[in-house]
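The values are calculated or read from the model by the stated rules, or taken from the named source; none is laboratory data. If you're wondering where the values come from, they're calculated on a predicted model, not measured in any experiment. Because the Cβ atoms are built from the backbone with ideal geometry, glycine has one as well, and the counts that use them run over all protein chains shown.
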Amino acid sequence: MEQIDSKLNKLMTRLDLEAEHVKRKRFKTTWIAGIICGVLAVISFAIALPFHSFIHNKHSLLGLATLEFSLILISFILLGRFAPKFKNKFLTLRRNAEYLRAIDAVHNSGLKVSGLDIKEPNAFFKISEEVSIIEKEILTSSLQSQVDKQSTDAINEKVTDFLDQQIAYHKTKRIKKYEREYHRNEVFLNLIKALFLIAISVKFALELSHHFHYQLTPSWISPEWLLALTQAGVISFPPIYAAIEGVNYFSEYRRNIKLSKKMVDELIDFKKKLALHDLNQKENLETLGKELRQLLEEENSDWAFRYNERIVEAKI
């Protein structure tokens, strides 16, 4: 009994650590680096194009051209090859860890662990063999007999504590986190929109002043230089805006907020259902255990399916 429990916790911990490592050190690093390289390539092009007449050193022009090409090449390699690979590896590790966590949650709460009615939506989400082995051992071993040794008050307390922890997790760590990150990105997007409007307005004013031979700028500011600067901004700001929008799209902040709120409601409903069942009856322990695992597994499989659908690739 303790041996199987220990194996489950060790495997779950290992999968958690590996998933977090791949996500933070591999996937996010290559994904963000690829986006930054693409944006920097556009900025270097935006600088070289309008300021071309101001750069008289041919080596500087070659350096800018080399920088543009190198940044685009690096961006394509990171986003086209490495980021998708690390994303899929993270998904596999996290999927297996969360599958085990649902089993562990039901088992530790004192309810009976039962099989699932859920069918995997895609072969990609097939649970690993080592996870399947532990699941089978828990379903068939004497671990199930420990349910009979616990008082109904103890089981009720454990299940309620777990539900409260999950509700707090969604409210404080997920909903607030997503709202904060979404708000931050919206601030950046509004700032870039404002800068773009300023740049294009100044560019238009400079073009008008040049057409009507009117000196719009102070004598110490070169109109040609300022025009080149605004042209660089007009070229640079749209792809920067698109890059941040891409992060918003991939992160699905608003959708995740909505789903977490829905999960909180379902967990609260389960708490109410728990109070209506007599935990002295074994069939209720099995029914509630199965429903709790189904609830957790549906959330996990839905997340995995949506995460797999998010495309990470190099685009022109």
Among the candidates Ser70, Ser75, Ser44, which residue alone is closer than 26 Å to Ser222 by Cα and polar (S, T, N, Q)?
-> Ser44
Any residue in region 277-287 that is assigned to a helix (DSSP H, G or I), modelled with pLDDT of 85 or more and not polar (S, T, N, Q)?
-> no
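Quick one: would you say Asn284 is of a type outside the set (Phe, Trp, Tyr), under 14 Å from the mean Cα position of the chain (by Cα) and surrounded by 15 or more Cβ atoms within 10 Å (Cβ to Cβ)? Steps first, answer last, please.
On the way: of a type outside the set (Phe, Trp, Tyr): yes; under 14 Å from the mean Cα position of the chain (by Cα): no; surrounded by 15 or more Cβ atoms within 10 Å (Cβ to Cβ): yes.
For Asn284, the condition - of a type outside the set (Phe, Trp, Tyr), under 14 Å from the mean Cα position of the chain (by Cα) and surrounded by 15 or more Cβ atoms within 10 Å (Cβ to Cβ) - is not met.
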Among all residue pairs at least 6 apart or on different chains, which show Cβ distances below 7 Å where the first residue, located in region 76-102, is crowded, with 17+ Cβ neighbours inside 10 Å and the second is outside any helix (DSSP H, G or I) and among the polar types (S, T, N, Q)?
-> Asn96/Ser128
Any chance region 54-77 includes a residue that's hydroxyl-bearing (Ser, Thr, Tyr), at pLDDT below 90 and in contact with an Asp or Glu (Cβ under 6 Å, 6 or more places away or on another chain)?
-> no
Can you name every residue in region 168-225 that is among the acidic types (Asp, Glu) and more than 18 Å from Lys258 (Cα to Cα)?
-> Glu207, Glu224
Inside region 261-289, the number of residues satisfying the requirement of being of a type in the set (D, E, K, R) and more than 30 Å from Tyr178 (Cα to Cα) is 4
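Against the definition (out of contact with any Ser or Thr (no Cβ under 9 Å at 6 or more places or on another chain), assigned to a helix (DSSP H, G or I) and buried (at least 16 other Cβ atoms within 10 Å of the Cβ)), how does Ile235 come out, yes or no? Explain how you work it out, then say what you get.
Numbers: out of contact with any Ser or Thr (no Cβ under 9 Å at 6 or more places or on another chain): yes; assigned to a helix (DSSP H, G or I): yes; buried (at least 16 other Cβ atoms within 10 Å of the Cβ): yes.
The answer is yes for Ile235.
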Go through Thr217, Thr230 for me and flag whichever is surrounded by 15 or more Cβ atoms within 10 Å (Cβ to Cβ), in contact with a Lys or Arg (Cβ under 6 Å, 6 or more places away or on another chain) and under 30 Å from His52 (Cβ atoms).
-> Thr230
How many residues are touching a residue at least 24 places away in the same chain (Cβ under 8 Å), polar (S, T, N, Q) and assigned to a helix (DSSP H, G or I) when one looks only at region 147-184?
-> 4
Filter region 13-50 down to the residues that are at pLDDT 90 or above and among the aromatic types (Phe, Trp, Tyr), then identify the one that is surrounded by the fewest Cβ atoms within 10 Å (Cβ to Cβ).
-> Trp31
Taking only pairs six or more apart or across chains, which ones have beta-carbon atoms under 8 Å, a first residue in region 9-35 that is closer than 11 Å to Leu79 by Cα, and a second residue that is surrounded by fewer than 13 Cβ atoms within 10 Å (Cβ to Cβ) and β-branched (Val, Ile, Thr)?
-> none
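Given the criteria under 27 Å from Lys89 (Cα atoms) and out of contact with any Pro (no Cβ under 6 Å at 6 or more places or on another chain), does Ala242 qualify? Walk me through it before giving the result.
On the way: under 27 Å from Lys89 (Cα atoms): yes; out of contact with any Pro (no Cβ under 6 Å at 6 or more places or on another chain): yes.
Considered against the rule, which asks whether it is under 27 Å from Lys89 (Cα atoms) and out of contact with any Pro (no Cβ under 6 Å at 6 or more places or on another chain), Ala242 comes out as yes.
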Mind checking which pairs have a first residue in region 185-207 that is without any contact (Cβ under 8 Å) to a residue 60 or more places away in the chain and under 15 Å from Ala243 (Cβ atoms) and a second that is hydroxyl-bearing (Ser, Thr, Tyr) and surrounded by 13 or more Cβ atoms within 10 Å (Cβ to Cβ), Cβ under 6 Å, 6 or more apart or different chains?
-> Ile192/Tyr241
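With respect to Ile192, determine if the residue is under 27 Å from Ile311 (Cα atoms), more than 25 Å from the chain's Cα centre (by Cα) and hydrophobic (A, V, I, L, M, F, W, C). I'd like the intermediate steps shown before the answer.
Numbers: under 27 Å from Ile311 (Cα atoms): yes; more than 25 Å from the chain's Cα centre (by Cα): no; hydrophobic (A, V, I, L, M, F, W, C): yes.
The answer is no for Ile192.
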